[in-house]
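What follows is a short report on a single structure.
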């Protein structure tokens, strides 16, 4: 294990060095002989368009500083004050005597209305009738509402004016003199400022104003310093900004590149480490070697296109085969690794296409979209034909991204030039497919990968082993086809690999071709087991897994399929012959169990389940939906009690979902048929 870790570390370090070198060469700054307050020997122009963020920031700060603080009328303040009036008059409910003032205060204790009135005013309200109280409350509330509906600021005497208007409203009411006095006391206290500073509104206005400020741009070709002029501090800053000032002795760009490259490599390393292989028990060293090799090939191709774009035409980035690594790794390994390689390539490619350390957002998006589209459209089928079809989708996505960038910039392009660039984008998708299809056979052979294309070849009915099975054991062949259908459907239901399960099911009983007539599906009346003892019959039946393994290995069938053949019975008990043997005397149970091992993968476990189910259902005289369900439950229960799934990543929920899938499929095959009535003899005449 330590040796494996050492090799993986060495591979990762080598990969990191290669990637870092390519990225640093791409972004290494070109030095310009210039210093602050020196004389420019020539016109110094900006090589690119870039925002001067410092100048933009200063412009925004000055613009925002001119914005006054914003105020707003808080209508809820009036409601709050009216609530205090309601609390006050609610405390008078049921009070009729002046002596009950203590009870009123007790009710008001802890409320915001506790200190609104003096004792004599409370006594006056306590001794008044309920109608007078109600009228007083309504007059006060109305006066407060009317006053606080208008703006009341803390400046200019607006509070005093609002209170005076409320007093006049109360004075014009039909209240008694004493009740008017109570009302005026309340309005004088409750009418307050409602026009207050609004920080959110102020901040929003300042943000809106700031957002409307146009960024200060240094345009491509713009003269930053004219020949013979003194390079000011601000001009020097702009030269640094556009990447024209660089100290050749500075190691900062190198360190920056190493940090970014390390993060990218670590992320890719993590994705690879956490990925489960679909078709092969590939060693970790092979896995990392394969991924790093494919990614480096993609980076080399991208780097070459970037070099050509720099020398010939920047638009050549559209010709980059963006999805090459994604197509290969999605086909050979899985979606997680394909997506991680796409992200890695997009980030590294942005470095390759940078100009004087200007990293283009457009490049990153263009490189990323191609790989994402490739990964998505290869999820359902992984044939080489599908790769080519996906390349057309990639081409359309590339064209869409290119046109989107043109539209976002409101670009004006000539028809001829636009057609050429669209052709580049289409060629990118086609080149990706050509490179992927050309490289796949080499990688499959070199790394011993059971890719989908190889699996599809094994499904061909003309394969010698399948023809052997059909000719020598036709019943077993039909049984294998049924198991394949059940296994593929069940695997898709639990998220396992349906294609691998189908292929494994095709070949799982190949060993029966050695002695086909000893298996019931191939018999036609005569049963050879009638002449054998139970132990002899058991040895014949148990041997079919080892016989199948031997035949498959001789035919150089991939080890994953061989393992399914070896594991599809696990260490199950051959119950029928075991019971017959026990009836004749004491026997050793181990002699009636398959040699195993137990299923090591989910696909092998699924085939074990559906193999038993199909054989059992086929033996039913009149299969019904309920009968099939009960039989499936019984088989699964027996397998669980026999501990046949302890070595694979199958949860109990997965196992029962496999059973449900099998029930659904078999119920469709063995549905009830209409019983047609027979014609009477008289009707036949």
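Every number in this text was worked out from the coordinates using simple rules, so none of it is lab data. Quick caveat, the model's predicted, so the values are computed rather than measured. Glycine gets a Cβ as well: all are built from the backbone with ideal geometry, and neighbour counts include every protein chain shown.
Among 508-514, 259-265, what's the highest-first ranking by average C-beta atoms within 10 angstrom per residue?
With the highest mean Cβ count within 10 Å placed first, the list reads 508-514, 259-265.
By how many nm would the segment from residue 61 to residue 651 grow when fully extended, if each residue of separation counts as 0.36 nm and the alpha-carbon distance is taken off? Intermediate results must be reported in sequence, preceding the final value.
Numbers: separation 590, 0.36 × 590 = 212.40 nm, distance 6.10 nm.
That pair, residue 61 and residue 651, stretches by 206.3 nm at full extension.
Say a paramagnetic label sat at a point 7 Å from the Cα of residue 210, along Cα to Cβ; which residues of the stretch 44-76 have their backbone N under 18 Å from it?
Zone members listed by number: 52-70.
Obtain the nm distance between the two label points defined at residue 389 and residue 171 by a simple spin-label model: each point lies 7 Å from its Cα along the Cα-to-C-beta direction.
With each label placed 7 Å out from Cα toward Cβ, I get 9.0 nm.
So how do 471-483, 424-436 stack up, highest first, on mean other-Cβ count within 10 Å? Intermediate values should be presented prior to the final figure.
Details: 471-483: 20.1, 424-436: 22.2.
The packing order, highest mean first, is 424-436, 471-483.
Using helices alone, I'd like the mean residue ellipticity at 222 nm for the chain: each DSSP H run of four-plus residues gives -39500 (n - 2.57), total over residue count, nearest 500. Each step should come with its number before you reach the end.
Working: 28 runs with 437 residues, N = 685.
So the calculated ellipticity at 222 nm is -21000 deg cm²/dmol.
Measure nothing fancy, just the Cα-based angle from helix 652-669's long axis to the longest principal axis of the chain, in degrees from 0 to 90, nearest 10.
For helix 652-669, the angle is close to 60 degrees.
Based on the Kirkwood radius over alpha-carbon pairs, what value in µm²/s does the Stokes-Einstein equation return for the translational diffusion coefficient of the chain at 25 °C and 0.890 mPa s? Let's see the in-between values first.
Numbers: Rh = 34.2 Å.
Rounded to a whole number, D works out at 72 µm²/s.
If one takes the longest principal axis of the Cα atoms in the chain, at what angle in degrees, from 0 to 90 and to the nearest 10, does the Cα axis of helix 284-311 lie?
It works out to around 60 degrees.
With the crude spin-label approximation of a point 7 Å out along Cα→Cβ, what separation in nm comes out for residue 446 versus residue 154?
7.7 nm
Could you work out how far apart the two model spin labels at residue 145 and residue 404 are, taking each label as a point 7 Å from the Cα in the direction of the beta carbon, and quote it in nm?
5.4 nm
Only counting other Cβ atoms within 10 Å, I'd like 621, 184 sorted with the fewest neighbours first. Walk me through the numbers on the way to the answer.
Values: 621 5, 184 20.
Listing 621, 184 from fewest to most nearby Cβ atoms yields 621, 184.
Please report 352, 255, 519 as a ranked list, fewest other C-beta atoms within 10 angstrom at the top and most at the bottom.
By the 10 Å Cβ count, ascending: 255, 519, 352.
Give me 457, 603 sorted ascending by neighbouring Cβ count inside 10 Å, so fewest comes first. Don't skip to the answer; put the middle values down first.
On the way: 457 11, 603 32.
Going from sparsest to densest Cβ surroundings: 457, 603.
Per 0.36 nm of contour for each residue apart, how much would the distance between residue 624 and residue 237 grow if the chain were fully extended, relative to their Cα-Cα spacing?
130.9 nm
Given R₀ = 30 Å, what would the calculated FRET efficiency be for residue 203 paired with residue 80, taking r from the Cβ atoms and rounding to 0.05?
0.80
Compute the acute angle (0 to 90°) between the alpha-carbon long axis of helix 2-27 and the principal axis of greatest extent of the alpha-carbon atoms of the chain; round to the nearest 10°.
So the helix axis and the longest Cα principal axis differ by about 50 degrees.
Tell me, in nm to one decimal, what length is gained between residue 252 and residue 35 on full extension, where the rule is 0.36 nm per residue of separation less the Cα-Cα distance?
76.2 nm
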